[in-house]
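Okay, structure first, notes after.
The values are calculated or read from the model by the stated rules, or taken from the named source; none is laboratory data. All values reported here derive from a predicted model rather than from experimental measurement. Here the Cβ positions follow ideal geometry from the backbone for every residue, glycine too, while neighbour counts run over all protein chains shown. Surface areas here come from the heavy atoms of the whole protein model, side chains and all, with no ligands, DNA or RNA. Shrake-Rupley method; radii C 1.70, N 1.55, O 1.52, S 1.80 Å.
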Amino acid sequence: MRNHWDVELSFEEDGVHTMCEARLVGARAPGLAGHGEALRSAADRPLARIGEEVAAWRALDDLSHKLRAQAAGEIDDEGRRPAYLVY
């Protein structure tokens, strides 16, 4: 069996805030999304790339936690015992 998921990153920026949504996409992807935000300090130069990198990192971190929680829940449901994921 072969399966393929992609991670799609979408950004919204207003010059101070950068928001990112990281979504798993694919025919059999679990349909989860993570969210992240970056805030530019008034003393910082307006470099959109840095805001996008920070917001993407936070969105991917949020997505990874949601994916781990979903996998642990499915293991619990299948095994009828607590799941302890080792990573």
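Has the range 36-54 got any residue that is in a strand (DSSP E or B) and open to solvent by 50 Å² or more (accessible area, probe 1.4 Å)? Talk me through it step by step, then tell me what you get.
First, the residues of the range 36-54 that are in a strand (DSSP E or B): 36-39.
Those left that are additionally open to solvent by 50 Å² or more (accessible area, probe 1.4 Å): 37, 39.
Within the range 36-54, one or more residues are in a strand (DSSP E or B) and open to solvent by 50 Å² or more (accessible area, probe 1.4 Å).
What do you reckon, is Ser41 without any contact (Cβ under 8 Å) to a residue 60 or more places away in the chain, among the polar types (S, T, N, Q) and in contact with a Cys (Cβ under 9 Å, 6 or more places away or on another chain)?
No; evaluated as a whole, the condition is false for this residue.
Hey, Ala71 hits all of (1) open to solvent by less than 60 Å² (accessible area, probe 1.4 Å); (2) not in a helix (DSSP H, G or I) but one; which does it fall short on?
Only one criterion is unmet by Ala71, namely (2).
Inside the range 1-16, can you point out the residues that are assigned to a strand (DSSP E or B) and open to solvent by 60 Å² or more (accessible area, probe 1.4 Å)?
Scanning the range 1-16 gives Asp6, Val7, Glu8, Leu9, Phe11, Glu12, Glu13.
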